[in-house]
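In what follows, a single structure is set out as structure tokens and then discussed.
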Amino acid sequence: MAGMELLSDQGFRMDGRKPNELRRIRFKKGVFRQADGSAYLEQGNTKVLAAVYGPHEIRGSRGKALHDKLLINCQYSMATFSTQDRKRRPRGDRKAQEMTSHLKQTFDAVVLTELYPKVQLDIFVEVLQSDGGNYCASVNAATLALMDAGIPMKDYVIACSGSHMRDTPIVDMNHLEESSGGAEVIMAILPRCDQIVFLEMNSRLHEDHLSGVMDHVMVGCKDIFNILNQQVQDELCQKTELDKIVTTG
Amino acid sequence: MRETPLSNCEREFILNFIAQQKRLDGRNAYDYRDLRIAFGVSLGCCHVELGKTRVLAQVSCEVGEPKQTRPHDGVLYVNVELSPMACPSFEQGRQSEEGIELSRLMERCLKESRCLDMESLCIVSGEKAWHVRVDIHVLNHEGNILDCASIAAISALAHFRRPDVSVHGEEITIHTLEDRNPVPLSLHHMPLLVSFAFFSQGKFMLVDPSSKEEKVMEGKMVVGMNKHRELCTLQVTGQMLLLKEQVLRCSSIALTKVTKITELIHEALDKDKQARLKGEKHGFAMLVSGDRVTANRLPTTEVKVDTLEISDEMERSQSSSEDGESQSGNEPMEEQIVATPKESAVEILTKGVGVIGEGGTSTWLDIPQADSKQTAAKKRKHKLEKMEEDEGSSEEEEKVILK
């Protein structure tokens with residue numbers, strides 16, 4: 001779209017953020033009663049629901065069971081009302097399948113799968129409103145849902161996207177910035193160990209800028225981690241205090 | 001059909017081998033297999049062989065309506081077909097997860113990197129535009145289909161010529177191939193994918209994994225680059241945790257490979273162009289020549305093998321022990337073997353047959369060698385003279401024989 005600048009001369013983006021500023025994050029754990037673990041996460045205007053069922057016996061074909069590891073079954077879907085134009089998406093859509101396999105790989109690497117051989121874990125992610133950063137919000141929501149379900153993991157998995165625009169690296173892009181055609185780097189990391197679980201890059205980016213963008217995205221991930229961790233710890237403290245009151249009182 | 005899984009001992013062997021910085025086929029860690037690019041008679045058809053992995057790409061185009069969101073651009077479709085011909089574990093029909101991953105990576109490499117100028121494919125804005133289809137068929141799967149497919153797709157796009165279009169006001173004429181020469185597509189740059197396989201939690205890294213190495217690997221990284229040092233695609237898959245430095249190192253290795261392969265592609269394109277201009281035979285027929293004895297001969301690969309060179313001292317000690325055998329009976333030979341390890345090249349002719357050296361002179365009989373033709377001629381002359389002299393005696397000899 002000509003005339004709209006993604007990064008103004010004063011250094012502000014379209015929605016008024018600075019280049020390294022994240023969107024507002026709000027989340028809530030335990031939104032479903034049926035599921036073993038669930039979470040609802042908002043990152044700016046992107047709203048994602050995640051639900052975790054398991055670990056339970058393998059459903060369907062027993063042949064898929066892994067004799068020494070947990071089988072993680074992911075399903076990612078976008079609601080028809082999630083984008084600007086209402087699109088009927090068949091479940092087997094190529095992009096949805098790609099996203100599903102990426103989520104599965106991410107969590108395969110982080111969940112302690114050796115502890116649950118021959119069983120299955122289901123992770124369902126539904127995007128209610130999509131405004132850029134779908135994968136990132138899905139991963140963050142699924143992490144929280146897994147924590148809510150009590151599945152042991154190596155660390156939080158936090159994902160964030162970034163790009164390089166007009167010689168400044170920007171972080172946490174919305175839909176407009178994503179579709180502008182600039183390069184997009186999406187990373188999922190373990191924030192406390194600095195290890196990359198998943199990395200994806202689209203469109204063209206010069207090799208020299210890669211290191212800078214990756215650094216900024218890592219910093220963005222760590223910021224998201226601080227936000228999530230802070231609230232999770234607070235909730236835990238509140239819960240233990242309430243429990244103390246109940247047991248003593 | 002389900003593929004037979006790799007046995008545990010094979011898996012352990014390959015992993016130990018890789019830990020010793022060696023590969024099953026004798027390559028170095030960052031070496032590609034033999035790459036061969038051939039073009040077909042029809043424009044836009046390219047066949048690439050990477051070792052034994054073979055991929056065929058075909059580009060075709062037709063006129064259609066542009067997308068509503070982008071009325072000034074043409075449309076590019078990329079499709080990867082995995083048929084059971086390539087590998088028995090591929091199923092006909094419904095695309096497996098692997099097929100979808102390959103398709104998406106090829107789509108991202110070609111479409112989202114903007115390698116093809118889409119605006120030049122527009123005929124009438126909003127109404128008519130070229131739809132270009134790239135169909136990639138995997139003919140044989142011996143590891144690393146992705147690199148092979150990307151080379152084939154880019155070469156095919158560079159080779160392809162679309163019909164010429166002329167617009168006169170309201171009239172649009174699409175010229176046939178006989179009318180006007182077809183026009184090449186405008187490629188901005190050539191993005192190529194390079195695959196890396198990781199082992200032991202990212203400690204060891206190999207470029208261009210073969211099918212056995214792919215079955216054993218823990219994680220995979222695909223880097224798409226062009227020779228101008230621009231990254232077009234990056235994807236890390238698998239169950240391993242990487243560090244930032246590893247990613248940056250891979251991208252610099254990928255750059256060297258991509259520059260080399262881009263040169264190869266340009267060479268192949270030039271060769272094909274020359275052959276067409278001169279009217280020589282070109283196309284796939286040149287790939288497979290069936291009427292020569294060496295038609296099925298594979299290119300020989302040299303493998304370094306540690307051999308022991310046993311020096312003369314061993315022979316001397318052997319002869320001495322022979323003399324002393326009668327005296328001392330079964331005296332164990334002392335360790336006088338002086339064996340120096342030497343590297344000699346083993347030439348692998350075909351599967352299971354290797355040749356060290358090429359044989360030497362015969363050591364059976366002490367035949368004095370004929371030095372030159374002159375001495376041979378002299379000997380013949382000598383013989384003739386002798387015969388003339390002995391003519392007289394020949395009758396006698398005959399008589400002797402008859403008796």
Across region A:21-78, the tally of residues that are assigned to a loop (DSSP other than H, G, I, E, B) and either on the phi < 0 side of the Ramachandran plot or in contact (Cβ under 8 Å) with a residue 12 or more places away in the chain (or both) stands at 22
Of (1) away from chain B (no Cβ under 11 Å); (2) open to solvent by 10 Å² or more (accessible area, probe 1.4 Å), A:G132 fails just (2)
From the set of residues in region B:163-193 that are within 16 Å of B:N226 (Cα to Cα) and surrounded by fewer than 22 Cβ atoms within 10 Å (Cβ to Cβ), which is nearest to the chain's Cα centre (by Cα)? B:H189
Would you mind telling me which numbered condition in (1) part of a strand (DSSP E or B); (2) touching a residue at least 24 places away in the same chain (Cβ under 8 Å) A:M201 fails? (2)
Return the residue satisfying two criteria in turn: it lies in region B:199-215 and is hydrophobic (A, V, I, L, M, F, W, C) and at pLDDT below 90, and of such residues it is least open to solvent (accessible area, probe 1.4 Å). B:F199
Please count how many residues of region B:116-132 are buried (at least 16 other Cβ atoms within 10 Å of the Cβ) and either within 30 Å of B:S195 (Cα to Cα) or of a type in the set (K, R) (or both). 5
For A:A183, which of the numbered conditions (1) open to solvent by less than 60 Å² (accessible area, probe 1.4 Å); (2) at positive phi fails to hold? (2)
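Conditions tested, residue by residue: (1) within 13 Å of chain B (Cβ to nearest Cβ); (2) of a type outside the set (S, T, N, Q).
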residue	(1), (2)
A:T143	no, no
A:G162	yes, yes
A:M173	no, yes
A:S179	yes, no
A:L199	yes, yes
A:L236	no, yes
A:T240	no, no
Just the residues that are in a strand (DSSP E or B) and among the β-branched types (V, I, T), please, taken from region B:29-70. B:I37, B:V48, B:T53, B:V55, B:V59, B:V63
Residue check, A:S82 against (1) more than 10 Å from chain B (Cβ to nearest Cβ); (2) at pLDDT 90 or above; (3) open to solvent by less than 50 Å² (accessible area, probe 1.4 Å), all met but one. Which one? (2)
Can you tell me which residue among B:F160, B:F196 is under 25 Å from the mean Cα position of the chain (by Cα) and either more than 14 Å from chain A (Cβ to nearest Cβ) or at pLDDT below 90 (or both)? B:F160
Only one of (1) over 27 Å from A:P55 (Cα atoms); (2) open to solvent by 40 Å² or more (accessible area, probe 1.4 Å); (3) of a type outside the set (A, V, I, L, M, F, W, C); (4) within 14 Å of chain B (Cβ to nearest Cβ) does not apply to A:K154, and that is (1)
Among the listed residues B:L139, B:L146, which satisfies the condition of being assigned to a strand (DSSP E or B) and away from chain A (no Cβ under 14 Å)? B:L139
Every residue from region B:235-254 that is at the interface with chain A (Cβ under 7 Å from one of its Cβ atoms) and either of a type in the set (V, I, T) or under 24 Å from the mean Cα position of the chain (by Cα) (or both): B:V236, B:T237, B:V247, B:S251
Quick one: count up the residues across region A:82-133 that are of a type in the set (A, V, I, L, M, F, W, C), over 22 Å from A:Y156 (Cα atoms) and in a helix (DSSP H, G or I). 1
Taking region A:99-129, which residues are surrounded by fewer than 20 Cβ atoms within 10 Å (Cβ to Cβ) and farther than 25 Å from A:A65 by Cβ? A:E126, A:L128, A:Q129
Could you check region B:61-114 and list, in sequence order, the residues that are under 22 Å from B:I172 (Cβ atoms), away from every other protein chain (no Cβ under 11 Å) and free of Cβ contacts under 8 Å to residues at least 24 places away in the same chain? B:K67
Failed item in (1) in a strand (DSSP E or B); (2) open to solvent by 10 Å² or more (accessible area, probe 1.4 Å), with B:M221 passing the rest: (2)
Restrict the check to region A:16-29 and report whether at least one residue is at pLDDT 90 or above and under 30 Å from A:K118 (Cβ atoms). yes
Anything in region B:91-143 that is farther than 30 Å from A:N73 by Cβ and under 25 Å from the mean Cα position of the chain (by Cα)? List them, or say none. B:L110, B:V134, B:D135, B:H137, B:L139, B:N140, B:E142
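Can you tell me which residues in region A:5-35 are under 15 Å from A:N140 (Cβ atoms) and open to solvent by less than 70 Å² (accessible area, probe 1.4 Å)?
A:L22, A:R23, A:I25, A:F27, A:K29, A:V31, listed by residue number.
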Those residues that are within 12 Å of chain A (Cβ to nearest Cβ) and open to solvent by less than 20 Å² (accessible area, probe 1.4 Å), I need them from region B:255-269; list them, please. B:V258
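The values are calculated or read from the model by the stated rules, or taken from the named source; none is laboratory data. Just so it is clear, the structure is predicted and the values come from calculations on it, not from any experiment. Here the Cβ is made from the backbone with ideal geometry for all residues, glycine too, and neighbour counts use every protein chain on show. To get the accessible areas, we keep the full protein, side chains included, count just its heavy atoms, and leave off ligands, DNA and RNA. Shrake-Rupley method; radii C 1.70, N 1.55, O 1.52, S 1.80 Å.
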